[in-house]
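Novice: This structure is in structure tokens; I'll ask about it shortly.
The values are calculated or read from the model by the stated rules, or taken from the named source; none is laboratory data. Here the structure is a predicted model, which means the values were calculated and not measured. Virtual Cβ from ideal backbone geometry, glycine too; neighbours counted across all protein chains shown.
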Amino acid sequence: MLDNNAQDKTEGEELSFFHILKMVKRRETRAIRRILDTQGNIVTSNHDVLNTFVINLRRIYQPIEIEETFVTTLQGALPHTCPT
């Protein structure tokens, strides 16, 4: 399958070797080959890069702990009905 940007051929034109090379080149330029992990080490293997992303996403999007008294205070400050 071609990426949306790789569909540079005109309508009805066969997929040529040029189009395949262009598609591969675009895919290679988009690939993440190295990343820093949480300890500051450079990670290069695909498996480790993926694990680093997953660890960071879990850390960023983890549930936020809140204190119930703040929720109660906020509920008391907000009107229970919307003005027209």
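Novice: Does T81 meet the test of being of a type in the set (S, T, Y), at pLDDT below 85 and in contact with a helix residue (DSSP H, G or I) (Cβ under 7 Å, 6 or more places away or on another chain)?
Specialist: Criteria not met by T81.
Novice: Please verify whether T38 is at pLDDT below 80, of a type in the set (V, I, T) and part of a loop (DSSP other than H, G, I, E, B), treating the condition exactly as stated.
Specialist: Answer is no for this residue.
Novice: Can you run down the residue pairs with Cβ atoms below 6 Å, 6 or more apart or on separate chains, where the first is in the range 59-71 and surrounded by 10 or more Cβ atoms within 10 Å (Cβ to Cβ) and the partner is aliphatic (A, V, I, L, M)?
Specialist: none
Novice: Let me ask you something else. Which residue out of G76, G12 is modelled with pLDDT under 90, surrounded by fewer than 10 Cβ atoms within 10 Å (Cβ to Cβ) and assigned to a helix (DSSP H, G or I)?
Specialist: Just a single option satisfies the conditions, and that option is G76.
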